[in-house]
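Asks: Take a look at this one; I'll ask things after.
The values are calculated or read from the model by the stated rules, or taken from the named source; none is laboratory data. Values in this document were obtained by computation on a predicted structure and should not be read as measured data. Please note: Cβ atoms are built from the backbone with ideal geometry, for glycine as well, and neighbour counts cover all protein chains shown.
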Amino acid sequence: MIELSKLLDEQIGAMRLRPAAIFAESEDRRSIEAASYLVRFIRPVFLVPEERIREIIANDLSHCDQTRLEFLIQESAFWDIKAAPEILDQLAHSYTDLPDGVRFADYFETARQLMDEPAMFGIMAVREGHADMVIGGLAEHPKGFLEHAAAILGETTVSKSVMFHIPDHSPKKIFPKGLAAFGDIALNTYTNADILARICVQTCMVIRDLIPADVLPEICAGIVLPSHKTPLDAVAYEASKLVEGLIDKHSKENTDYESIVFKGIVRADDIICTCESECSPKCELNALISPNAEMGDVMVNLLSGILCEAEKVEILAGVGSRCVDLDEKCTSEDVVLSVKAALASFPEEWEGTPKDTFFRDYRILVINPGSTSTKIAVFEGDKEVFTDELKHTAEELAPFKEQNITEQYGFRKDVVLKALADHGFSIEDIDAISARGGLIKPIPHGTYAVNEEMINDLMIGVNGQHASNLGGLIASELVKGSAKPAFIVDPVMVDEVPIRAKITGFKEIRRKVISHALNQIATAKRYAEENETFYEYLNLIVAHMGGGITIGAHKRGQYIDVNNGLNGEGPFTPERSGSLPVGQLIDLCFSGKYTHQELKMLNKGKGGLVDLLGTSDFYDVEIRYLNGEPEVVEVFEALVYQISKNITALLPAFGGEKVDQVLLTGGMARSKPLCEGIRKAVAALGCGVSVYPGENEMVALAFGALRVLRGKEDAREYAPEG
């Protein structure tokens, strides 16, 4: 069984960046509904104000998932063409520079009028690098959009293919695997053998690029001629002589094309008779090439009874994935599949939209201080430009040995400035700084502007001395005297936990909340975005598994419970003991066997896997586990059990509401045996488990600032109670 949408999702799911895609028919409800299912893969641009899109949603799309549509609005750009005369002027000038035969206007004034048309604006915006893709043809005569797009964006011979997938349950599934593509030369006013041969092979290559060989082993093609002889017969027979050579040529460049088989010339009535037959043989072709547009239309119309239930993908070859041409009969589902097909053929070397006209690529400096190093990175929008770990030698840190770690901020600021310069940047090139938050007072989650109260709390170490306290201090110093903002994002002191989760059986002891809030919340938001919804609409359990392990409950945008990972609460970890039997711990404390400092180290630093197996290297532990060492197997299974138990123990935090997903993250999430063990152990929760390996701190810091700069959320003010 072929799931066309799933096949395409697998091919485009690995794209790091999302292309900017202009919907030429922005007010067509099919464009809006389709875009809501494409936000994971594209950044939609609508050529009307946001209010107009909201009006269409209210009037025509009330039956659709409103959360999905609201997410679409958050992720889209809205552009009033007439409100940007400077862009229109630039596009018009570029249009008049196009070669003869490509442009439809020779003078600037005429070209300027053309740019007022959404379709032409979109095509030229793509050509000039303001966007990556234009989607059109839904609400106007196809050739109006198609001819302009082919002329302006075409790189080679441009051809239009329509691929149909007939569902497995259909009794009319007469094509191999239910797939058939119709290719024609609608865009080529002059037909010759060379053009027809190239379009034949181009159509087959399009199918092969989209449908892997393990799904469809062979692409069988034929040139379809009318039942009676016409002047096109001679051209078709000449073309058929050229096809094999072209297949051989492309197969040498890409062996996937070796599975293309050319069957020669076929007559339309033979195909129709085969398709209408109640018995075998079925049609052996899945690429039917028409020598002209009329023949292509005839074939599709004659087979309409068979194709009426089919999924449809419209593919424009020869424009480098920069254009999706549709037709007036397309459904929103057809639009989704056609855009996904275009994305699947995006070049691997694509590095993002050349110009940030519609989605500004703010340049953000990220700072993440550690005890003996400072990680920095520069992001331009979603894209990481560079990352660097600046090591600090013992000699460099020696002058600060007897001082609070925050005294290092001046030294580290200078190191950051030098590293920036080494990478060709200065602070003047930066739009904002986002730094790791430190041990400040407990606050709700979010992105906070660094202010004087925060600086004071970081400097004195209001909740302890830690390298992360340096982040906000360095950021503040770097932007001093400028209007550039400095932020911290979701520091370890994020606390949204209700009192019921803090009370213990000791009146003097209340649970403290210190966790990997940055990666916890970033992972939860990433999952929400990938599922085209909001963090505020989901119930999630996130397990950050690294040197410390924190397992948190996220209820509809609130981080409502988590273990204190800093002080060893929860499961044992590579270096931390985890929660211990209280009575036995008290006895051990007064046994005289360990000093106070030694017990502190067993709790955090020399506990966990270090004490149990003599190593904190989890990769080494995993190898030994897979090799079946009895002692390691016992400990590994205990770790899986403890993490799983702490995950399921959070179920009451949601007040009876369903948990939507469990998310595993952190360095240990790279371990397949660990993640699979947890997946099996928590299956009774009734939700899925998703894995996001790594700590992703630099990305989380950048994206936290980016959400504020792009207006998706407001910067919070640090003004903690008490």
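Asks: Which of (1) under 23 Å from SER482 (Cβ atoms); (2) out of contact with any Leu (no Cβ under 8 Å at 6 or more places or on another chain); (3) part of a helix (DSSP H, G or I) is the odd one out, the single condition ALA419 does not satisfy?
Replies: (2)
Asks: Before we move on, is GLY547 closer than 26 Å to PHE618 by Cβ, buried (at least 18 other Cβ atoms within 10 Å of the Cβ) and touching an Asp or Glu at 6+ places or on another chain (Cβ under 6 Å)?
Replies: yes
Asks: Within region 561-604, work out how many residues are assigned to a loop (DSSP other than H, G, I, E, B), of a type in the set (A, V, I, L, M, F, W, C) and within 30 Å of HIS445 (Cβ to Cβ).
Replies: Residues flagged as assigned to a loop (DSSP other than H, G, I, E, B), of a type in the set (A, V, I, L, M, F, W, C) and within 30 Å of HIS445 (Cβ to Cβ) within region 561-604 amount to 3.
Asks: Does region 3-38 hold any residues that are of a type in the set (Gly, Ala, Ser), in contact (Cβ under 8 Å) with a residue 60 or more places away in the chain and either farther than 28 Å from LEU216 by Cα or part of a loop (DSSP other than H, G, I, E, B) (or both), and which are they?
Replies: ALA20, ALA21, ALA24, SER26, SER31, SER36
Asks: What is the residue count in region 443-464 for residues that are crowded, with 17+ Cβ neighbours inside 10 Å, part of a loop (DSSP other than H, G, I, E, B) and either among the small types (Gly, Ala, Ser) or at pLDDT 95 or above (or both)?
Replies: Count: 3.
Asks: Please go through region 74-90 and pick out each residue that is closer than 14 Å to ARG52 by Cα and acidic (Asp, Glu).
Replies: Across region 74-90, the qualifying residue is only ASP80.
Asks: With the checklist (1) in contact with a Gly (Cβ under 7 Å, 6 or more places away or on another chain); (2) at negative phi in hand, flag the one item ARG679 doesn't pass.
Replies: Exception for ARG679: condition (1).
Asks: Quick one: count up the residues across region 386-410 that are surrounded by 15 or more Cβ atoms within 10 Å (Cβ to Cβ), under 37 Å from the mean Cα position of the chain (by Cα) and hydrophobic (A, V, I, L, M, F, W, C).
Replies: Count: 1.
Asks: Additional query: Filter region 592-613 down to the residues that are farther than 24 Å from LEU664 by Cα and surrounded by fewer than 18 Cβ atoms within 10 Å (Cβ to Cβ) and list them by number.
Replies: Hits for region 592-613 are GLY592, LYS593, TYR594, THR595, HIS596, GLN597, GLU598, LEU599, LYS600, MET601, LYS606, ASP611.
Asks: Under 8 Å between Cβ atoms, which residue pairs at least 6 apart in sequence (or on different chains) link something in region 146-173 that is of a type in the set (Asp, Glu) with a partner that is at pLDDT below 85 and buried (at least 21 other Cβ atoms within 10 Å of the Cβ)?
Replies: Final answer for the pair search is GLU147/LEU187; GLU155/VAL319; ASP168/GLY178.
Asks: Go through (1) within 21 Å of HIS516 (Cα to Cα); (2) in contact (Cβ under 8 Å) with a residue 60 or more places away in the chain; (3) not in a loop (DSSP other than H, G, I, E, B); (4) not aliphatic (A, V, I, L, M) for GLY472 and report which single condition fails.
Replies: Every condition holds for GLY472 apart from (2).
Asks: Hey, could you check region 39-56 for residues that are without any contact (Cβ under 8 Å) to a residue 60 or more places away in the chain and basic (Lys, Arg) and say which is farthest from GLU128 (Cα to Cα)?
Replies: Applying the filter and picking the extreme gives ARG54.
Asks: I've got another one for you. Would you confirm, using the coordinates I've provided, whether VAL335 is closer than 21 Å to MET15 by Cα, crowded, with 19+ Cβ neighbours inside 10 Å, modelled with pLDDT under 90 and under 23 Å from the mean Cα position of the chain (by Cα)?
Replies: no
Asks: Next question. For region 1-39, which residues satisfy the criterion of being of a type in the set (Asp, Glu), in contact with a Ser or Thr (Cβ under 7 Å, 6 or more places away or on another chain) and farther than 21 Å from ALA528 by Cβ?
Replies: GLU25
Asks: Here is a list: ARG68, ARG18. Which entry is surrounded by fewer than 22 Cβ atoms within 10 Å (Cβ to Cβ), in contact with a Lys or Arg (Cβ under 6 Å, 6 or more places away or on another chain) and either within 19 Å of LYS712 (Cα to Cα) or among the hydrophobic types (A, V, I, L, M, F, W, C) (or both)?
Replies: Unique residue meeting the criteria: ARG18.
Asks: Here is a follow-up. Go through (1) of a type outside the set (A, V, I, L, M); (2) in the same structural domain as ILE488 (by TED's automatic domain parsing); (3) closer than 30 Å to VAL48 by Cβ; (4) buried (at least 16 other Cβ atoms within 10 Å of the Cβ) and name the single condition SER345 misses.
Replies: Here SER345 meets the rest and fails (2).
Asks: Answer yes or no as to whether VAL689 is among the hydrophobic types (A, V, I, L, M, F, W, C), assigned to a strand (DSSP E or B) and either touching a residue at least 12 places away in the same chain (Cβ under 8 Å) or under 26 Å from LEU626 (Cβ atoms) (or both).
Replies: Yes, satisfied.
Asks: Next question, about the same structure. Within 32 Å of the chain's Cα centre (by Cα), under 28 Å from ALA35 (Cα atoms) and of a type in the set (A, V, I, L, M) - does that describe any residue in region 100-114?
Replies: No, there is no match, as no residue in region 100-114 is within 32 Å of the chain's Cα centre (by Cα), under 28 Å from ALA35 (Cα atoms) and of a type in the set (A, V, I, L, M).
Asks: I would also like to ask the following. Which members of region 614-645 meet the condition of being of a type in the set (S, T, N, Q) and either buried (at least 21 other Cβ atoms within 10 Å of the Cβ) or assigned to a loop (DSSP other than H, G, I, E, B) (or both)?
Replies: Passing the criteria: THR615, SER616, ASN627, SER644.
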